[in-house]
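What follows draws every value from the coordinates through simple rules; no lab data is involved. A quick note: this is a predicted structure, and the numbers were derived from the prediction, not measured. We place every Cβ from the backbone using ideal geometry, glycine too, and count neighbours over all the protein chains shown.
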Amino acid sequence: MTYAIELKDLRKSFGKTEIIRGANLAVAAGERVAVIGPNGAGKSTLFNLISGRLHPTSGEVHLHGERIDGMKPYEINRRGLSRSFQITNIFPKLSVFENLRCGVLWSLGYRYTFLRFLSGLHDANERAETLVRQVGLAAKRDVLAINLTYAEQRALEIGVTIAGGASVILLDEPTAGMSKTETSHFIDLIREVTVGKTLLTVEHDMGVVFGLADKIAVVVYGEVIAFDTPEAVRANARVQEAYLGSSVADAQGGLH
Amino acid sequence: MTTNPTTHRPKKTSHLLVWGSFALVLVAAPWIFGSSLALTILSQIGYLIIICLSYNMLLGQGGMLSFGHAVYTGLGGFAAIHAINYVTDHAVPLPLVLIPIIGGLAGAFIAFLLGYVSTKKAGTTFAMITLGIGELVAAIAMMFSGVFGGEGGITTNRTYGTPFLGLTFGPQMQVYYLIAVYCFVCTALMYAFTGTPLGRMLNAVRDNPERVSFIGYDTQLVRWFAFIISGFFAGIGGSLAAINFEIVNASDALSGMRSGSYLLFTFLGGATVFFGPIIGAVLMVLASVLLSEFTTAWLLYLGLVFLIMVMFAPGGVASLIMANVRVARFGKLHRFWGLYLGLLVTGLVMLAGVSALIEMIYHIQLNAAMGPEVKFLGMQLDTSSAAAWAGAIVLAVIGGAALEFVRRRFARVWGQAQEEIETEIKRKEQAA
């Protein structure tokens, strides 16, 4: 079968230091995968390699069966993969609505045109309006992104990421820096807007991980040491030893 | 401080009002200011508006700090001059009114070629490349005197062929109206550009190029296409300048000085608001034509003004206007009339002192042979008398101190008004 995302012996070195050391992963279409691992394990680097922000030293990345390593970020995005960033990455001097409309334009085929007015692009405007409501920012529609609260900016970031209708979504620590209540609202939002899509998310909050994910990929020291259902990963001795330990117990306590 | 013209679109009627008055001003201006000097000034303002707006497509909308915009205006001008001469010699039935289009296409073509290189990178690299290309083109132009006319430049005669709708374009008035029509149309087109997908993505590339590449766009292409369009309008502006003067000289039209002044005055006018560069163009002509009549030290004053603007109003004159409009909209402008008067009076006192000093220093440095007397504001200042120097210094210091006193008070009241406006906006938001 062809996977939504497939990594084959992926490696990335910075100078002499190898950060990703032969990562293998095969995510089926429609799966929600939480990527976990200790700080510095290479989770963000992995996302950067998949999304084209960095190019691998060796190995392959496949998107729906097509090899995409070495492609530019926009080429990968046009093939249906979109990502968010750990540090909020939006258009600060554009309004919420404009941010989302920018995310919509390419996928609707408007590209670089300067012979049509944005105000006349009804499909793009409708989709952007829908997105504004979906991410819960209807009251802030015309506010410049720079003037939003942190949590609102994170929501907008998710909105821009899903705006183009990509089938594979990568979220890099979407709930970082949020309070408990904000996080749980936010997870609901993520679940809602990624229905039917393949989702990979880096996440530190174990409660979130076990609540959201169909599968968990454990990255330690530049390798995917386990990739399985939450229950199986929880029971995996190697994972216990390498990383999880007490935090799994905490999460279980929190879940029951 | 600054409002984003792209997000706060005025309603249709106010749109019509703004463009209607713009057209009216362009039509009526030569009838209000009737002198031939005024007509010269107005003609220059007309094409400089096009040029500064085209420059701001790069600077304000695309975040591209170009040091080489004169390449596109200048080469557009050369294309226009050569086109006129060719059409005249070969009796081609191409009227003068279409010549600027040829200049525009030439500008766009040059921008297509050179822009491919310069728009590969943004930020400092872009600025450096444009600087390099600017110098390169200027140097090459001086080498090929057949095409660029060397030191003397290339001249032409705009009154060729049969009159177009009875217009010979001999009289300056007719040339002014040619410029005015182009000015209006180009301004409208460039404003329209801000509302297109490419125009919006250009803003996005300015704000966050990395994010743009993750939503499907090639940032380099966005910059390149905008660069070409900017080059088109720059070429039109340069052509109109060529038609206006009937001469283009490479050492002036392609010089780094010229590129620098486009940057300077676009910035002074205001790069963050669409109409800012229009103000910049007006200031540019007033400075170079009128200020230079008053004083030989005009470039020094210009430098001072630029310095002060960068420090206190980095959004240019336009952003000052927008900020005051906002305060007026919330009915708080009346608090500032007295303060503005205070700023004006104290500022003028300081200016009198400072400029007296500047004029006297300039006089000893440059014209000392003509005696110690220097004319200043209708007075005779004696550079050999200690009293004149002391007087100027006292004026400058007292004016400066008073200005600073008023400025602090102004800043306090201003800050308070802004806070009140913010809370009012928040209240409205919650009510909605």
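So if R0 is 25 Å, what FRET efficiency would A:ASP214 and A:ASN24 give, r being the distance between their Cβ atoms, rounded to the nearest 0.05? Write down the numbers at each step before the final one.
Working: r = 19 Å, r/R0 = 0.74.
After rounding to 0.05, the efficiency reads 0.85.
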Open item on the list: Please list 3J(HN,Hα) in residue order for the stretch B:357-365, calculated via the Karplus relation 6.51 cos²θ - 1.76 cosθ + 1.60 where θ = phi - 60°; whole Hz, with x for glycine and proline.
Closed with: 4, 4, 5, 5, 5, 4, 5, 5, 6
Open item on the list: Can you tell me which of A:SER119, A:SER51, A:SER179 moves the most in a GNM of chain A? Springs connect C-alpha atoms under 10 Å apart.
Closed with: A:SER119
Open item on the list: I need two numbers for chain A: Rg to one decimal and Dmax as a whole number, Cα atoms only, in Å.
Closed with: 18.6, 61
Task: Distance histogram in 10 Å bins (all Cα pairs of the protein assembly as shown, percent per bin) - done: 3, 13, 19, 20, 18, 13, 9, 5, 2, 0
- [ ] Straight distance only, please: which aspartates and glutamates reach the Cα of A:LYS12 with their own Cα at less than 15 Å, same-chain residues fewer than 8 apart left out?
- [x] A:GLU60, A:ASP69, A:GLU223
- [ ] Please list, in chain and number order, the residues 5+ apart from A:ILE5 or on another chain whose amide H is under 5 Å from its amide H, with Hs placed from the backbone.
- [x] A:VAL27, A:HIS64
Task: B:MET143 paired with A:GLU129, simple spin-label distance in nm, labels 7 Å along Cα-to-beta-carbon - done: 5.9 nm
Task: Cα-based reach from A:LYS16 at 24 Å (exclusive), listing lysines while leaving out same-chain residues under 8 positions away - done: A:LYS8, A:LYS43
Task: Extension gain, A:ASP9 back to A:SER58 (0.36 nm per residue minus Cα-Cα distance, nm) - done: 16.9 nm
- [ ] Quick one: among B:SER385, B:SER355, B:SER35, which has the greatest mean-square fluctuation in a GNM of chain B with alpha-carbon springs under 10 angstrom?
- [x] B:SER385
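Given axes a ≥ b ≥ c from the Cα gyration tensor, I'd like to know whether chain B is rounded (a/c under 1.5), prolate (a/b larger than b/c) or oblate.
Details: a/c = 1.68, a/b = 1.17, b/c = 1.45.
In terms of gyration-tensor shape, oblate.
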Task: Cα centre as origin, Lys/Arg/Asp/Glu Cβ charges: the stretch B:12-323 dipole, Debye - done: 620 debye
Open item on the list: Given the stretch A:174-243, report the % of alpha carbon pairs whose separation exceeds 13 Å.
Closed with: 67 percent
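So if each residue of separation counts as 0.36 nm, and I subtract the Cα-Cα distance between B:TRP19 and B:VAL394, what length gain in nm does that give? The partial results should precede the final answer.
Working: separation 375, 0.36 × 375 = 135.00 nm, distance 4.79 nm.
Roughly 130.2 nm would be gained on extension.
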Task: Computed label-point distance, nm, for sites A:ILE146 and B:ASP382 using a 7 Å Cα→Cβ extension - done: 5.6 nm
Task: Vicinal HN-Hα couplings computed from phi for the stretch A:75-86 (Karplus, 6.51 cos²θ - 1.76 cosθ + 1.60; Hz; Gly/Pro x) - done: 5, 5, 4, 5, 8, x, 10, 9, 9, 10, 10, 5
- [ ] Would you please give the FRET efficiency between B:ALA192 and B:LEU307, computed as 1/(1 + (r/R0)^6) with r the Cβ-Cβ distance and R0 = 35 Å, to the nearest 0.05?
- [x] 0.50
Task: the stretch A:153-175 residues near the modelled A:ARG79 label - backbone nitrogen below 16 Å, point 7 Å along Cα→Cβ - done: A:166-170
- [ ] Would you kindly state how much longer the chain becomes between B:ARG335 and B:ILE425 on full extension, computed as 0.36 nm times their sequence separation minus their alpha carbon distance, in nm to one decimal?
- [x] 30.5 nm
Task: From phi via Karplus (6.51, -1.76, 1.60), per-residue ³J(HN,Hα) for the stretch B:332-345 in Hz, x at Gly/Pro - done: 10, 5, 4, 5, 9, 4, x, 5, 5, 4, x, 4, 5, 5
TODO: Please report how far the C-alpha centroid of the stretch B:151-213 lies from that of the stretch B:230-259, rounded to the nearest whole angstrom.
DONE: 12 Å
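Can you pull the mean other chain C-beta count within 10 Å for peptide B:187-199?
Numbers: counts 0, 0, 1, 0, 0, 3, 1, 1, 6, 11, 16, 9, 4.
Partner Cβ neighbours, averaged per residue: 4.
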TODO: Pop a pseudo-label 7 angstrom from the Cα along the beta-carbon direction at both B:GLU210 and B:THR168 and give the gap in nm to one decimal.
DONE: 6.4 nm
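According to the square roots a ≥ b ≥ c of the eigenvalues of the Cα gyration tensor, what is the shape class of the stretch A:87-165, taking rounded for a/c under 1.5, prolate for a/b larger than b/c otherwise, and oblate for the remainder? If you can, show how the numbers build up before the last one.
Working: a/c = 1.80, a/b = 1.76, b/c = 1.02.
Prolate, because a/c is 1.5 or more and a/b exceeds b/c.
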- [ ] Take a quick pass over chain B and tell me how many lysine pairs come in under 27 angstrom between Cα atoms, counting only ones 8 or more apart or on separate chains.
- [x] 8
- [ ] Could you check which residue among A:PHE47, A:PHE117, A:PHE227 shows the biggest mean-square fluctuation in a GNM of chain A with a 10 Å Cα cutoff?
- [x] A:PHE117
Open item on the list: Contact order normalised by length for chain B, with contacts defined as Cα pairs under 8 Å and 6 or more residues apart; what percent is it?
Closed with: 23 percent
Open item on the list: Would you report the distance distribution of C-alpha pairs in the stretch A:11-120 as whole percents per 10 angstrom bin, up to the bin with the largest distance?
Closed with: 11, 36, 32, 17, 4, 0
Task: Rh by Kirkwood over Cα pairs, then Stokes-Einstein D for the stretch B:330-431 at 1.567 mPa s and 4 °C, µm²/s - done: 79 µm²/s
Task: Global geometry of the stretch B:217-310, whether rounded, prolate or oblate, following the gyration tensor of its Cα atoms and the 1.5 cut on a/c - done: oblate
